[in-house]
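Everything on this sheet refers to the single structure shown next.
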């Protein structure tokens, strides 16, 4: 009997445990489904369901933020002819993507350029005649477009006309802020700028978004790498040349000098007799003369 | 033949000894370099004459230097340069052997040993708030009683033991906002009286036990008018202060802790009184008040009654009072009269009794007397003598004694703000400045000595003689131009508005000139110097025209204040002309155009956004009109984080009739988001830098074209949080971003962000590269990064055939409006030192390789070869790369002790390094300034184009003579031999 009760107890406890296990997993699945539905991204890969709970919160947060803050932004491009006031010239639209760490970036930038009106064409022609500046500006912050400051860029109007009007925007971003915009034609603008009217009064626009590049990390050589390097370095230099190979150019002349000196010394040593004889001969011959 | 052998051997010895050495030897120090030590404008001076043998004066200066000077010769016995933020508030002598300095707004107290300047102790005092500071060192110390030094600063009153600097007690006044004005320590008493003001309207006297710091008694009294300005203590228990309307003198007596006020209207003392000002000198029972541009002396009677005893003109400087014999007190006053100054020493009690009256001829270029410190001594005839230390308007320090200037120090040179170089006059025929002092015998003698030296045969006396000869040699101090361009003038502008011309040979002052305002108005009697430009550098008429410099001064500290332009002849130091200009000066831009007299055109931008053209001649105007379309300029608004580019628009004829004034228009802006970036450094290339070649040939026969543009601006920004001190933020909070911006179009050519890095950024920009130094918070190290920019649009010009057929675009003019194709290369290295400034060597043609000159924290200058900061360094350079001179990559830059160009010297308080080319391509002039000045001549790639100064011509001559003789002798010998053989 005792055995039976024990068995029942064991069974029931097993049941409880198993049921509780099942309960937990169920909740997980439900949870995940819910998010999946909300995010309109049916993701029910087994990998996800089996993912442990602590990992789930960040994904949840990220999606949540994606949902709420991924928004479309629009900001206008304004232009001015010479010293005239700025007037709207086009619209940039982009998606503002927010990251979990609080940063924001612009993606999917689109640009629609308004064509020149007749009035604007005339003022642009005037610019071309006077080799004057065509100026554009963008708000410095895309979130609140009428921002404090505008980012201005300008180009000599004569640089723009090719077949149509070539323009090239490079927008430097820092988060959701526009730092600067470079504006100009695509290619070169030769210096003695020629007066040339565009064949077509339509814009051929290119835009590039640029954000800052990360500096590469300074290489850190640990001791062992350095040691290995050194070991390699020791192998690399050519084998030590012999003394003779290094200094032959000095040794040969020195040897010659020494040899010369030795022979001279030998001559001198045996010389005295011969020398004296020679001397007497000379004297004799002198006397003879 | 044996002779021939000997000759050969001798030659061999000669040649082996003549190995040229390039590094600096001990005996070469001072040959090409000089070093001058300064202290700055003196704030306080304390005389110490207890021991008659060592007469010296202790001074503290505005450059935060505490120094001990020799009273006889003005030399520095010792000096200490405190940090830039460690301003000295007070200096005194305690215990007769320690110099006590209080600095950093009363939070640092240091004691220095009087004879040798060793630090004895240093105490950091607790300070809670900004307040004025006060140092009170008890006088007449008895040996057995240890009276404490009382220091007030930062809301606390500290008592510090003079012996070891231990804080005995401190009293917290921060809560009440109590400002201590006067501390009185009556001798033979243990009670200290502390008088101070509460909210500048209530006078409070505390009686504090000097042993424990406990407040024994406290009295306070409200003065309804309120106090203002300087306080003057007239006697041990009385002070005089002005009320807030500056028209009533209030005498506050605090005898035995009781406060009493006594009001005296200034109008009662002098008629038609305006706002009064109490002058600082401490005079016993008397006070000096400045009213209506006159200085009046007011005697304070025993009962607090005031009476005027004397009045002097405004431009009188006065000293503190000085006790002389017989319980009398004297003070000195100095005033100007024409070109003379009059020094008078009077007794305080009896102003008619003049103890000393001297008049001394004074250089006009020293300006007015600012400060006087007097000291007495016993003359040989046992009477009292006085000497006065005076500080002039140009910051120079002079000692007057017996009616003469005993010595003077040009302390203005401790605060150099701008430096430029100038050539010396050309040596004309018949006007030879230095005569030829050498006869042939002398010349030979000298060279024989040198020969001895180089053969290590010289005796110690000879070595001394050689050294002396080197120092004097080759006319290096002549005032004429030399062939190599080694002799030059450095023109230095100081903060006091004085211009100095320093000779590169020995650093002497050739001339000096104090900037004056031409209108000499009240508001602008003495403009302060801002910057210096080369105005006219004649080449075509170098023989009969003198070069000149443009000095820009300002009549006040505000940038909108009107400015003064002064044109100074460089050869003579005379002012050619000067003008008060109606507009302010924000920026001065030298243009790359000169007129027919080779005057350089300058544009000056004012605060209204107009630019003004100088010189104001029609010729300059026509030159400028021609280039009107192509003139661009930019402004950096550091506070708002905006950089703006401008172009010329039109003449401002509509607003003013001035035809030399132009309006501008905005072309581009770069706006740094204020929440994430703050501009901390901007830098451009030196406008007069010469680049030898545009192409850089790499190892694999590839050509890279340097992007050499004069219109590049380097900008460094940090996160606003990271703008503080290093280590005040975590690496995540701080980022450093660097930019290279084209200043014509506002294009950002290069942008690189360093995460976890922080300023300060010190950078140098030359040719097509920038090197900058910053702090890496992650690695806890300083880093140096190099960025090199190459022009890709010219890269296809490599093909020889294209070059031959002329299908290249190398000769096409470059326009900033063309879209540049850049290639940037960058590499970072660790650098183990913090840096004060970085410069780069510059040579005449730019051929010589460059060295970075790094002013290190230890006030020394390190020369680092540019090759070490090459972005092309790799871990394992190939053989070809090694041959090109690429050094294997290391993670940090080496600091080689031998490459300190300052060798053992220190340029204290180093602020800037200026380099200038000499005519010799290999050599460059380096001038470093701070509190000290240092000059040297550098040859970054060794002097490959000239023989060294101490090249032994005698040795060469002797060698040639010996060779000829040897040839002759051997010829004779061989002839003889041949003859003898023929006879055989």
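Only one entry in B:888, B:917 is over 28 Å from residue B:469 (Cβ atoms) and at pLDDT 90 or above, namely B:917. Only one entry in B:740, B:752 is outside any helix (DSSP H, G or I), surrounded by fewer than 21 Cβ atoms within 10 Å (Cβ to Cβ) and within 14 Å of chain A (Cβ to nearest Cβ), namely B:752. Restricting attention to region B:684-713, the residues that are assigned to a strand (DSSP E or B), surrounded by fewer than 18 Cβ atoms within 10 Å (Cβ to Cβ) and modelled with pLDDT of 85 or more total 1. Of the residues making up region A:150-183, not one is at positive phi and at pLDDT 85 or above. Within region B:646-671, the set of residues being outside any helix (DSSP H, G or I), within 21 Å of residue A:132 (Cα to Cα) and more than 8 Å from chain A (Cβ to nearest Cβ) comprises B:646, B:648, B:650, B:651, B:661, B:662, B:663, B:664.
Taking region B:717-728 as the range and being under 16 Å from residue B:680 (Cα atoms), away from every other protein chain (no Cβ under 12 Å) and in contact (Cβ under 8 Å) with a residue 12 or more places away in the chain as the test, the residues that pass are B:718, B:720, B:721, B:722, B:723, B:726. Residue-level check: of (1) in contact (Cβ under 8 Å) with a residue 60 or more places away in the chain; (2) surrounded by fewer than 18 Cβ atoms within 10 Å (Cβ to Cβ); (3) farther than 20 Å from residue B:375 by Cβ; (4) in contact with a strand residue (DSSP E or B) (Cβ under 7 Å, 6 or more places away or on another chain), residue B:84 misses just (4). Residue-level check: of (1) loosely packed, with under 15 Cβ neighbours inside 10 Å; (2) under 29 Å from the mean Cα position of the chain (by Cα), residue A:142 misses just (1).
Considering region A:177-203, the residues that are within 12 Å of chain B (Cβ to nearest Cβ) and assigned to a strand (DSSP E or B) include one that is nearest to residue B:813 (Cα to Cα), namely A:184.
Being more than 9 Å from chain B (Cβ to nearest Cβ) and assigned to a strand (DSSP E or B) is the filter; apply it to region A:127-150 and report the residue that is farthest from residue A:200 (Cα to Cα). Applying the filter and picking the extreme gives A:139. When residue B:596 is tested against (1) touching a helix residue (DSSP H, G or I) at 6+ places or on another chain (Cβ under 9 Å); (2) closer than 21 Å to residue B:665 by Cα; (3) outside any strand (DSSP E or B), just one condition goes unmet, and that condition is (2).
Yes/no matrix, rows are residues, columns are (1) within 14 Å of another protein chain (Cβ to nearest Cβ); (2) touching a strand residue (DSSP E or B) at 6+ places or on another chain (Cβ under 7 Å):
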{"site": "B:817", "(1), (2)": "yes, yes"}
{"site": "B:829", "(1), (2)": "yes, yes"}
{"site": "B:832", "(1), (2)": "yes, yes"}
{"site": "B:847", "(1), (2)": "no, no"}
{"site": "B:852", "(1), (2)": "no, yes"}
{"site": "B:877", "(1), (2)": "yes, no"}
{"site": "B:901", "(1), (2)": "no, yes"}
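Taking the criterion of being facing another protein chain (nearest Cβ under 7 Å) and touching a residue at least 24 places away in the same chain (Cβ under 8 Å), would at least one residue in region A:204-221 satisfy it? Yes - at least one qualifying residue is present in region A:204-221.
Checking B:233, B:201, B:228, B:220 one by one, the residue that is in contact with a strand residue (DSSP E or B) (Cβ under 8 Å, 6 or more places away or on another chain), surrounded by 18 or more Cβ atoms within 10 Å (Cβ to Cβ) and under 20 Å from residue B:152 (Cβ atoms) is B:233 and no other. Among the residues making up region B:672-683, those that are part of a loop (DSSP other than H, G, I, E, B) and either surrounded by fewer than 17 Cβ atoms within 10 Å (Cβ to Cβ) or touching a helix residue (DSSP H, G or I) at 6+ places or on another chain (Cβ under 6 Å) (or both) are B:674, B:675. Among residues of region B:965-984 that are within 17 Å of residue A:268 (Cβ to Cβ), those with a beta-carbon under 6 Å from a residue that is assigned to a helix (DSSP H, G or I) at least six positions away or on a different chain give the pairs B:969/B:3; B:970/B:4; B:980/A:278. May I ask you to verify whether residue A:124 is touching a helix residue (DSSP H, G or I) at 6+ places or on another chain (Cβ under 8 Å), buried (at least 22 other Cβ atoms within 10 Å of the Cβ) and more than 10 Å from every other protein chain (Cβ to nearest Cβ)? Judged against the criteria, residue A:124 is a match.
Of all the residues in region A:151-174, those that are more than 7 Å from chain B (Cβ to nearest Cβ) and out of contact with any helix residue (DSSP H, G or I) (no Cβ under 8 Å at 6 or more places or on another chain) number 11. Restricted to region B:854-963, the set of strands (runs of 3 or more DSSP E) holding at least 1 residues that are out of contact with any helix residue (DSSP H, G or I) (no Cβ under 7 Å at 6 or more places or on another chain) and closer than 30 Å to residue A:219 by Cβ comprises B:861-865, B:912-917. Note on region B:755-790: residues that are in contact with a helix residue (DSSP H, G or I) (Cβ under 9 Å, 6 or more places away or on another chain), farther than 30 Å from residue B:690 by Cβ and either facing chain A (nearest Cβ under 9 Å) or in a strand (DSSP E or B) (or both) total 3. Test residue B:983 against the stated conditions and say whether it is loosely packed, with under 15 Cβ neighbours inside 10 Å and either within 14 Å of chain A (Cβ to nearest Cβ) or in contact with a strand residue (DSSP E or B) (Cβ under 6 Å, 6 or more places away or on another chain) (or both). Taking the combined requirement at face value, the residue satisfies it. The criterion of at least 3 residues that are farther than 21 Å from residue B:193 by Cβ is met by the following strands (runs of 3 or more DSSP E) wholly inside region B:58-173: B:65-70, B:76-81, B:88-94, B:98-103, B:108-113, B:119-124.
The values are calculated or read from the model by the stated rules, or taken from the named source; none is laboratory data. Nothing here was measured: the structure is a model prediction, and the numbers come from that model. With ideal geometry, Cβ positions are generated from the backbone for all residues, glycine too; neighbour counts draw on all protein chains shown.
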